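Input: a single structure, listed below in C-alpha cells.
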Amino acid sequence: MPTQELTFRDKPINLNERGGRKWVYAKKPSGKWWKRRTIVAWLLLGFWVAVPFIRINGNPLILLDIANRKFIIFGAIFWAQDTFILALLMLSFVLFIVLFTVTYGRLWCGWTCPQTIFLEMVFRRIEYLIEGDYRERHQLDNSPWTTKKIFKKTLKHGIFILISVAMTNVFLMWFIGSERWLQLITEPISQHLGGFGIMLLISAVFYWIYSFFREQICTMVCPYGRMQGVLLDSKSIMVAYDYVRGEPRGGRGSGDCTDCKQCISVCPTGIDIRNGTQLECINCTACIDQCNKIMKVIGKPQGLIRYTSEAAIKGGHSSVWNARNRAYTVVLFIIFAFFVFTLVSRPEIETTILRTPGLIYQEQDSTYSNVYNIKIVNKTHEEMPLELRLLSHKGKIQMAGNSMVIKDQDKFESTFLVYIPKPEITSDKTEIEFGIFSNDKLLEKYTTTFVGP
Ligand code: SF4
Ligand code: SF4
C-alpha cells in the first residue's frame, strides 16, 4: 500500500457522512492524453451515428433486429438458425474480454465505453461551456436562484434533453434500421403511441443518467467494473501512481509527489489514484495529464502517474511488456482472426429437412413414400435457384408448389414427398441423404430418416 491514508476504503467517495450524494466537481482535463482520447471518442461517435446508414450489399453495417431474430454484423445476416455461430462468437467474445482485461486492464472503460464517451466527451463538455470549470460550477450550484443561474441551468438541461432524445433515436436505428426509423417518425404519432412512449422513457433515462446519476453507473452499477477485482493482477496494464518514485510525498523526503492533489481534482470519479488500484478508477488518463503538468513545473520527469503495472512499479522498470502480456496479446489476435474467419466462412445456405410430424409412410404399387418439411435460408446476397436431389437412393422427389428460387437473405419453406422403390427399403428406419444444388453445384448435403414397414 503506497500511502498511509486508508479511510478511502470506508465508504464510496461520492457519499457524504450521512449517506447522501456528494457531487463530484471534476476539473476540466487537458493535455496529451485528453487530446488523444478526444480524437478516439469523436471517431467512435461518428461511427456510432453512421452505422445505420452504412450499407454493405444493401444491408446495414450492423442491425440488431431482436423482434425478427435477425442480426446483421458487418453486412452478414445471422438468423435464429445461426445460434451455433452466434454462440461461438459470443463465447470467443467473452474470452476476448477476459484476456483483454487481464492484459490491458480498463482500457475499454477509459477509451471506448459509451458511458465514458457520452459523459466525458459530450455532456460534461457542454457543462464546461455553459457553467465553466469546477470552481465556477461549484459556486453556481451553491448560489441563490438568480436570472443568470436560471438561464444557465435551463440552457444546459434543455440541450441535455435534446441530446438524450437524439441518442435514443440513433440507438433505435441500430435495432430497427434507418428506413423503418424514418417511416416511424414521418407517420402520425397516434399510429405508434406505444413506441413513442418507449422512446420518451429511454430518453428520460439517458437524461437522468447523464445529468444526475453520472459516474455512479461506473462505480455502483456496471458489472464489468465489478469484475476488475478478479480479472486484474500485478501484471495488468493500468493507469497507476508510481509510489516507488513518488513517496514519501509532499517534500518530506526524496519522493517526487508534491502532494498538490491535482490528480484528485481532475478525477471524474473523485478518487485519489495514489491509494492504488480502485474499482472507481475508469482509467480515463485525466490524472496522468494533470500530474505531468506538475512534473513539468517542478522540473521532474513526466510519468509519475502513467500506464504501467504493479509489477513494473515494484521492479523499478518502465516496460510493461512481459512474457505473459505478449502471449495473451497473441491469443487475442488468434481469437479475433477466428471471429473474422467465422463471419466470412459461413455456408451459403442452411437447410433443415424434417419428416412431417404425425405422418408415417404411404404405400404405392412399387414405392413407399414419406412427407417432409423443408426450410432453406439463403445467406448470400444473390437470388439462388435451388434444386433438391436424393443422393443415397433411387427414387423421386415431388415438391409442393413452385420451383425453389430464394431471394437474397431470404427463407424458403415448403413440403415435399419422397418416393423410394420398395426393394430399397429394408428396415423401418432408413437413413437417406439429400443434396441441395444450385446450377448443378452441390451446396449442402442433408441426412435424415425414411420410415418404412
Ligand atoms: S498530481 Fe502528481 S504530484 Fe500532485 S498529488 Fe497527484 S501524484 Fe502527487
Ligand atoms: S484515478 Fe485517474 S485514471 Fe482513474 S478515473 Fe480518476 S482521473 Fe481517471
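Would you check which residues across the stretch 337-352 are surrounded by fewer than 13 Cβ atoms within 10 Å (Cβ to Cβ) and either on the phi > 0 side of the Ramachandran plot or among the hydrophobic types (A, V, I, L, M, F, W, C) (or both) and list them?
Ala337, Val340, Phe341, Val344
Which one of the conditions (1) assigned to a helix (DSSP H, G or I); (2) within 20 Å of Lys261 (Cβ to Cβ); (3) modelled with pLDDT of 75 or more does Phe8 fail to meet, given that it meets all the rest?
(3)
Which condition does Gly358 not pass, out of (1) outside the structural domain of Pro423 (by TED's automatic domain parsing); (2) surrounded by fewer than 12 Cβ atoms within 10 Å (Cβ to Cβ), if it passes all the others?
Just one mismatch for Gly358, condition (1).
Could you list all residues from the stretch 67-90 that are under 21 Å from Lys375 (Cβ atoms) and either outside any strand (DSSP E or B) or touching a His at 6+ places or on another chain (Cβ under 7 Å) (or both)? I'd like the intermediate steps shown before the answer.
First, the residues of the stretch 67-90 that are under 21 Å from Lys375 (Cβ atoms): 67-72, 76-87.
Listed by number, the residues that qualify are Ala67, Asn68, Arg69, Ala80, Gln81, Asp82, Thr83, Phe84, Ile85, Leu86, Ala87.
Which residue out of Lys379, Lys375, Lys422 is open to solvent by less than 60 Å² (accessible area, probe 1.4 Å) and touching a helix residue (DSSP H, G or I) at 6+ places or on another chain (Cβ under 9 Å)? Please lay out each step first, then the result.
Working: Lys375 fails: open to solvent by less than 60 Å² (accessible area, probe 1.4 Å); Lys422 fails: touching a helix residue (DSSP H, G or I) at 6+ places or on another chain (Cβ under 9 Å).
Result: Lys379 is the single residue among Lys379, Lys375, Lys422 that is open to solvent by less than 60 Å² (accessible area, probe 1.4 Å) and touching a helix residue (DSSP H, G or I) at 6+ places or on another chain (Cβ under 9 Å).
Condition first: modelled with pLDDT under 90 and among the β-branched types (Val, Ile, Thr). Now tell me which residues in the stretch 93-115 satisfy that.
Residues satisfying the conditions are Val94, Ile97, Val98, Thr101, Val102, Thr103.
For the subset of the stretch 382-416 comprising residues that are basic (Lys, Arg) and under 22 Å from Asn68 (Cα atoms), which member is surrounded by the fewest Cβ atoms within 10 Å (Cβ to Cβ)? Break it down stepwise before answering.
Applying the first criterion (basic (Lys, Arg)) to the stretch 382-416 yields 389, 394, 396, 407, 411.
Narrowing the set further to residues that are under 22 Å from Asn68 (Cα atoms) leaves 407, 411.
Values: Lys407: 11, Lys411: 13.
Ranking the candidates gives Lys407 first.
Where in the stretch 320-405 are there strands (runs of 3 or more DSSP E), lying fully within it, with 3 or more residues that are modelled with pLDDT under 90 and of a type in the set (Lys, Arg)? Don't jump to the end; show me each part of the working.
Working: elements: 349-355, 367-378, 384-390, 396-399.
Answer list for the stretch 320-405: none.
Does the stretch 248-262 contain any residue that is more than 9 Å from ligand 1 (Cβ to nearest atom), free of Cβ contacts under 8 Å to residues at least 60 places away in the same chain and either open to solvent by less than 20 Å² (accessible area, probe 1.4 Å) or within 22 Å of Gly229 (Cβ to Cβ) (or both)?
Taking the stretch 248-262 first, the residues more than 9 Å from ligand 1 (Cβ to nearest atom) are 248, 251-254.
Filter again for free of Cβ contacts under 8 Å to residues at least 60 places away in the same chain, leaving 248, 251-254.
Still in the list and also either open to solvent by less than 20 Å² (accessible area, probe 1.4 Å) or within 22 Å of Gly229 (Cβ to Cβ) (or both): none.
Within the stretch 248-262, not a single residue is more than 9 Å from ligand 1 (Cβ to nearest atom), free of Cβ contacts under 8 Å to residues at least 60 places away in the same chain and either open to solvent by less than 20 Å² (accessible area, probe 1.4 Å) or within 22 Å of Gly229 (Cβ to Cβ) (or both).
When residues of the stretch 265-274 are filtered for being buried (at least 18 other Cβ atoms within 10 Å of the Cβ) and part of a helix (DSSP H, G or I), how many remain?
Number of matching residues: 2.
What number of residues within the stretch 275-300 satisfy the criterion of being free of Cβ contacts under 8 Å to residues at least 40 places away in the same chain and surrounded by fewer than 17 Cβ atoms within 10 Å (Cβ to Cβ)?
3
The values are calculated or read from the model by the stated rules, or taken from the named source; none is laboratory data. Note that this is a predicted model, so its numbers are computed, not measured. Virtual Cβ from ideal backbone geometry, glycine too; neighbours counted across all protein chains shown. Protein only, heavy atoms only, side chains kept; ligands, DNA and RNA dropped before computing areas. Shrake-Rupley method; radii C 1.70, N 1.55, O 1.52, S 1.80 Å.
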